[in-house]
Every structure is written in C-alpha cells, then in structure tokens.
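The values are calculated or read from the model by the stated rules, or taken from the named source; none is laboratory data. The model shown is predicted, which means the values in this text are computed figures rather than measured ones. No Cβ is skipped: glycine too gets one built from the backbone with ideal geometry, and neighbour counts run over all protein chains shown.
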Amino acid sequence: MAVIDTCDGQRVFSFLSVEWAVIADVDCDSEKYRFLGGTRFTVEAVKRILRPRIYTGYIDYLPYDVTDDTVQRNQITSDTTTAQLHHHLLPLSEPISVDPATSKWRRIEGPFSYVLITSKSALSQDTVSTPQSTLADGYLTLQFIRIRGSTRLNLAKTLLSLSDGKHFEYDFVEWMPVRAFRIVPAATDGNLMIDGEKVPYGPLQGEVLPSIGRCMGKQPRVD
C-alpha cells in the first residue's frame, strides 16, 4: 500500500500502481475501445508505439534502505489521520533537496517514454510488471525508459514483454526499489494514472506504507 499526494490537494491510497508516459496513455486512452475487451490495450499500444509521446520532467526518489527505522512504524489506531501516514514526504509546493551531501533523495532527469511505479508483481492476470516483487517487500519498484536510441523499438519490446516480466532483461529498462518518489512533469497536459484511474496532471508524490495492511488467503493444497 502507498499514500499518494496529487496536484489538486488530494491524498489517496494506492494498492497497485502509478503510471506516467506511454503506460498511462495506453491505459487511459484505450477507454474508448472498451467494447473490444482486453484487446483495447493492444490497439492503443500499437498507436502509441507508432506515434510515441515524449514526456519531459523529472523524478525525485528516495532509495530503499533496509536499515530505515520507519518501516515498522505504520501502526493504525483510532486516532490516526491520513496526514500522519507518511514519514518522508514534504508538501508538494516545497522543493526536495537532492544534494548528496545533505539529502538521501536523488533525481532522474527526463525526457521519458515509459514510467511505472508498482507495489505488486502483476498489474493484471496477463501483465507481470515487476516479477521480483512480493506482498511484503516493503518498497515500491520504480521502472522507466528514457529517450535514448530507438524509442519505437524499445517501447515495442517492453510492451510485448510485460506478459511475462521479461522486459527487465533489457538494458534500456532502468529500475530500482524506492521508499518514496515525486514525479514533476514539465508540460501541462498528459496522463497520470493511479490504480488505473486518471488523476489531475501535475506534480504527484507517494510513499510506501509498510505493514499498514494485511493480506489473507487460503494456503495452497498439498497432495
């Protein structure tokens, strides 16, 4: 689970993903083809590969640190408010220092063609976005493609490999585990999605909330 701040002042919870660039374009703009079922994503993906959109801006992120002592602090009581459910986020109006001498935060400069932040291994039954993730790893996985080399070819390889998670094998797909992040688009129009729902376009930030939820399921049957 993650807590997300959007540019219009909302604070929401995310259990799945934050999407920016082509992955958000495909998810959002394929809605008009909903009558096609799951094929709508393929149709929109082909369009976006042929006419890729460039997203300028930057991403600030806080690298995951197994020694971070905030990991076990997310215990909810009757007095807990949503404003208290974070440890590393500043107000969106305040800049984040990325000076290595004074801050643990780091910055990735765009432009980007693909940005996906996930807390689970799969986005759907046929999309393995982050194969190494588990339900209790305590971090978000930030993955992205910068505009380098053949954008169309790189996007085609990535989107085709999402069915089995093999896109992580490509050297142009960069990824890292993070505790918190901030996306700052340079443009004023584009698509940003949280758990498959479009949100206002602008700066957006989030932080993983380890130990805040409990997942219950049936143990596998052993014959």
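Quick notes on this structure:
- First in region 1-14 and of a type in the set (D, E, K, R), second anywhere and part of a strand (DSSP E or B) and buried (at least 20 other Cβ atoms within 10 Å of the Cβ), Cβ under 6 Å, 6 or more apart: D5/Q205; R11/D5
- Of all residues in region 27-57 being touching a residue at least 24 places away in the same chain (Cβ under 8 Å) and in a helix (DSSP H, G or I), the one that is nearest to the chain's Cα centre (by Cα): D27
- The criterion of being surrounded by fewer than 15 Cβ atoms within 10 Å (Cβ to Cβ), within 20 Å of K120 (Cα to Cα) and over 18 Å from the mean Cα position of the chain (by Cα) holds for V66.
- Where I183 falls short, out of the listed (1) closer than 20 Å to D27 by Cα; (2) without any contact (Cβ under 8 Å) to a residue 60 or more places away in the chain; (3) not hydroxyl-bearing (S, T, Y): (2)
- The set of residues in region 185-218 being under 26 Å from S103 (Cα atoms), modelled with pLDDT of 95 or more, over 13 Å from the mean Cα position of the chain (by Cα) and crowded, with 18+ Cβ neighbours inside 10 Å consists of P185 alone.
- Looking across region 16-49 at every residue that is surrounded by fewer than 19 Cβ atoms within 10 Å (Cβ to Cβ) and in contact with a helix residue (DSSP H, G or I) (Cβ under 7 Å, 6 or more places away or on another chain), the one that is farthest from G202 (Cα to Cα) is identified as L36.
Results for (1) within 14 Å of the chain's Cα centre (by Cα); (2) over 17 Å from V22 (Cα atoms); (3) crowded, with 17+ Cβ neighbours inside 10 Å; (4) at pLDDT below 80, shown as yes or no for each residue.
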{"site": "S103", "(1), (2), (3), (4)": "no, yes, no, no"}
{"site": "R106", "(1), (2), (3), (4)": "no, yes, no, no"}
{"site": "D126", "(1), (2), (3), (4)": "no, yes, no, yes"}
{"site": "T141", "(1), (2), (3), (4)": "yes, yes, yes, no"}
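- Taken over region 143-172, the criterion of being in a loop (DSSP other than H, G, I, E, B), surrounded by fewer than 19 Cβ atoms within 10 Å (Cβ to Cβ) and of a type outside the set (D, E, K, R) is satisfied by I147, G149, S150, S163, G165, Y170.
- Just so you know, in region 173-182 the residues that are crowded, with 19+ Cβ neighbours inside 10 Å and in contact with a Pro (Cβ under 8 Å, 6 or more places away or on another chain) include one that is nearest to K47 (Cα to Cα), and it is R182.
- Flag if T134 is hydroxyl-bearing (S, T, Y) and more than 22 Å from I59 (Cα to Cα): yes
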